[in-house]
Amino acid sequence: MRTLSTLHSSRRGDIGEDGVGRNWGWIVTHHQHTSSTGRHSPEEQRDFLKDEDRHRRLPPDPILEAVGIQAGATVIDVGAGTGFWTVPLSRRVGTSGKVLAIDVEPIMIEELSELVKAQGIGNVSVVKSEDLSIPLADHIADAALVGFVLHHASEPKGFLHEVTRLLRSDGRVVVVEWHKRATEHGPPVELRLSEEETRSLLEKEGYAVDQVPAGHDDVYVLLGRRC
Ligand SMILES: C[S@@+](CC[C@H](N)C(=O)[O-])C[C@H]1O[C@@H](n2cnc3c(N)ncnc32)[C@H](O)[C@@H]1O
């Protein structure tokens, strides 16, 4: 069995180390929209993330309800993409709460900014980050939503550590990921993090971890409470 570290190095090796290729290459394999370079562009990934059918396959609200995101909370949506979680989060936290929608990709930042403007959403701020560095102060958030992002990070451990830095001492992190087996949608199996791997990463970062119903057979949701 490959260890986490070998998995990560092969992840980089499989699809390039140029930052863009690393983050987007797997989409090609799975969704069979292979470009001449063998990679999906950020634009193609953006269009995939905007597919409205995603909401039917995996309604975000029951998950946000199950993990207890409440009105008035400050939530960071890390790897927010085109706002799949951001918009329902903003509704849930309401006018007394705040969502910080964070992403590394300029095209996602542009997309999120347009979305916020077009929908007149007043409680979302869009933040451009670097892979393991988010330009926000310590302990600002009650919760972090990490939806289909952890397996993208060059170093999931360092990524979680940076997310944890932003949480208050009683903060929670919600990780949504694909099960590590072949499924109709999602990245190649070898790039996924099993539920056990994700649980172990969270526990090493100091969280007590519970499984939350995902409402989808191919996806798992882990809720980490800082302890
Ligand atoms: C599969 S998409 C998921 C987007 C969104 N969370 C969703 O569920 O629709 C992964 C997103 O994570 C972003 N991302 C990848 N690595 C990241 C990192 N280290 N920090 C922040 N965002 C990252 C990508 O740019 C992309 O928008």
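The values are calculated or read from the model by the stated rules, or taken from the named source; none is laboratory data. Keep in mind that what you see is a predicted model, and the values were worked out from it rather than measured. Using ideal geometry, Cβ is built from the backbone for each residue, glycine included, and neighbour counts are taken over all protein chains shown.
Give all pairs with beta carbons closer than 6 Å in which a residue from segment 125-146 that is within 14 Å of the ligand (Cβ to nearest atom) meets a residue that is small (G, A, S); count only pairs at least 6 apart in sequence or on separate chains.
V126/A101; V126/S113; D131/S154; L132/G158
Any idea which of R91, R22, R12 is buried (at least 17 other Cβ atoms within 10 Å of the Cβ) and either at pLDDT below 85 or under 23 Å from V212 (Cα atoms) (or both)?
Exactly one residue qualifies, and that residue is R22.
Restricting to helices (runs of 4 or more DSSP H) lying wholly in segment 33-85: which have 3 or more residues that are at pLDDT 95 or above and of a type outside the set (D, E)?
Qualifying helices (runs of 4 or more DSSP H): 60-66.
Yes/no matrix, rows are residues, columns are (1) out of contact with any Ser or Thr (no Cβ under 8 Å at 6 or more places or on another chain); (2) within 19 Å of V174 (Cα to Cα):
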| site | (1), (2) |
| --- | --- |
| A66 | yes, yes |
| Q70 | yes, yes |
| A80 | no, yes |
| L89 | yes, yes |
| S113 | yes, no |
| G122 | no, no |
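If a residue has to be under 21 Å from I102 (Cα atoms) and among the acidic types (D, E) to count, how many in segment 171-195 make the cut?
Here the count works out to 1.
Of the numbered conditions (1) more than 9 Å from the ligand (Cβ to nearest atom); (2) surrounded by 15 or more Cβ atoms within 10 Å (Cβ to Cβ); (3) of a type outside the set (V, I, T); (4) part of a strand (DSSP E or B), K180 fails exactly one; give the number of that condition.
K180 satisfies every listed condition except (4).
Can you pull out every residue in segment 151-162 that is among the aliphatic types (A, V, I, L, M) and either near the ligand (Cβ under 9 Å from one of its atoms) or in a strand (DSSP E or B) (or both)? Break it down into steps so the answer makes sense when it comes.
Restricting attention to segment 151-162, the residues satisfying the condition of being among the aliphatic types (A, V, I, L, M) are 153, 160.
If the condition is that a residue be among the aliphatic types (A, V, I, L, M) and either near the ligand (Cβ under 9 Å from one of its atoms) or in a strand (DSSP E or B) (or both), then A153 is the only one that fits.
I'd like the full set of residues that are over 19 Å from the mean Cα position of the chain (by Cα) and either within 16 Å of G81 (Cα to Cα) or part of a helix (DSSP H, G or I) (or both), limited to segment 114-134.
Across segment 114-134, the qualifying residues are E114, K117, A118.
Among the residues of segment 151-182, which ones are modelled with pLDDT of 95 or more and hydroxyl-bearing (S, T, Y)?
T164, S169
Looking only at segment 189-199, count how many residues are loosely packed, with under 15 Cβ neighbours inside 10 Å and touching a residue at least 12 places away in the same chain (Cβ under 8 Å).
1
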